[in-house]
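Since the structure comes first, as structure tokens, the remarks are kept for the end.
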Amino acid sequence: MKCLSLLGRVALTGLLAVSLAGCFGKPPPEQRYLRVALGETPCPGSASQQHRLPIAFKPLKTMENLDRTSVMTAQNNVLTASLQYYWEGAPQDVVGAALRQGLECQSSAVTPVDYQPRVDRSAVLSGELTAFNVDYTDGGRFVVSLRLDLWSKDMGTRLSSGEFNAYAPLTDFKGSTIAAAASDALGRVVPKVVVWMDQGLPKLEKAVERQ
């Protein structure tokens with residue numbers, strides 16, 4: 001009788017475990033971290049940097065629904081966070097690092113420096129990331145959008161503003177495909193920012209003379 005009672009308790013425990021598994025559903029997918037990698041670009045030496053204006057780079061801001069490491073997907077103006085794919089940092093930090101690298105390595109007019117009170121600078125660059133996500137509304141693609149403002153060194157006067165957008169097509173929702181598309185789209189945005197900064201050099205130089 002004791003053996004039967006023990007077997008009954010084991011069977012009941014097994015049924016309870018199965019029941020609970022059914023209630024809570026399947027376990028979440030394994031988390032994977034994605035890295036955005038821009039192409040290697042030779043950077044100028046210290047001699048060429050001496051002829052470029054120092055621009056203090058403020059950390060980018062972003063909207064609350066993008067301020068997370070989860071890969072976001074837009075469908076009919078609704079953003080959904082992935083439970084499987086994550087960036088190695090917040091999107092505004094990832095994009096900010098890429099912009100700094102691009103200005104450092106590609107710009108002939110300016111060189112980025114840290115935004116600190118006592119750091120010498122000719123102007124201040126600030127901005128907001130408005131899109132860094134998969135978009136399924138118009139088909140599969142990865143979208144990057146941001147707005148930048150160039151200010152006088154005391155941030156008392158806005159010298160110019162620019163909006164920059166790019167996208168790269170997606171063939172599937174695999175991690176490697178998303179990372180490659182994000183790298184591609186960001187790689188198209190960065191040169192646009194560099195051109196914008198370099199073409200605005202005459203206006204920037206006049207503003208520096210007045211300061």
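The values are calculated or read from the model by the stated rules, or taken from the named source; none is laboratory data. Here the structure is a predicted model, which is why all the values come from computation and not from measurement. Quick reminder, even Gly has a Cβ in these numbers, built from the backbone with ideal geometry, and neighbours come from all protein chains shown. Side chains are part of the model used for accessible areas, which takes the heavy atoms of the whole protein and leaves out ligands, DNA and RNA. Shrake-Rupley method; radii C 1.70, N 1.55, O 1.52, S 1.80 Å.
Condition check ((1) in a loop (DSSP other than H, G, I, E, B); (2) modelled with pLDDT under 95; (3) over 30 Å from Gln211 (Cβ atoms)) across all residues:
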site	(1), (2), (3)
Asn65	no, yes, yes
Leu79	no, yes, yes
Asp93	no, no, no
Leu99	no, no, no
Gly102	no, yes, no
Ser108	yes, yes, no
Gln116	yes, yes, no
Asp120	yes, yes, no
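Taking region 139-164 as the range and being touching a helix residue (DSSP H, G or I) at 6+ places or on another chain (Cβ under 9 Å) and either closer than 13 Å to Gly127 by Cβ or surrounded by fewer than 12 Cβ atoms within 10 Å (Cβ to Cβ) (or both) as the test, the residues that pass are Val144, Ser145, Leu146, Leu148, Leu150, Ser160, Gly162, Phe164.
Screening the candidates Leu79, Leu83 for the property of being open to solvent by less than 80 Å² (accessible area, probe 1.4 Å) and either of a type outside the set (Lys, Arg) or touching a strand residue (DSSP E or B) at 6+ places or on another chain (Cβ under 9 Å) (or both) yields one hit, Leu79.
Search region 88-119 for residues being surrounded by fewer than 15 Cβ atoms within 10 Å (Cβ to Cβ) and touching a strand residue (DSSP E or B) at 6+ places or on another chain (Cβ under 6 Å), and hand back the single one that is farthest from Thr171 (Cα to Cα). The qualifying residue farthest from Thr171 (Cα to Cα) is Val119.
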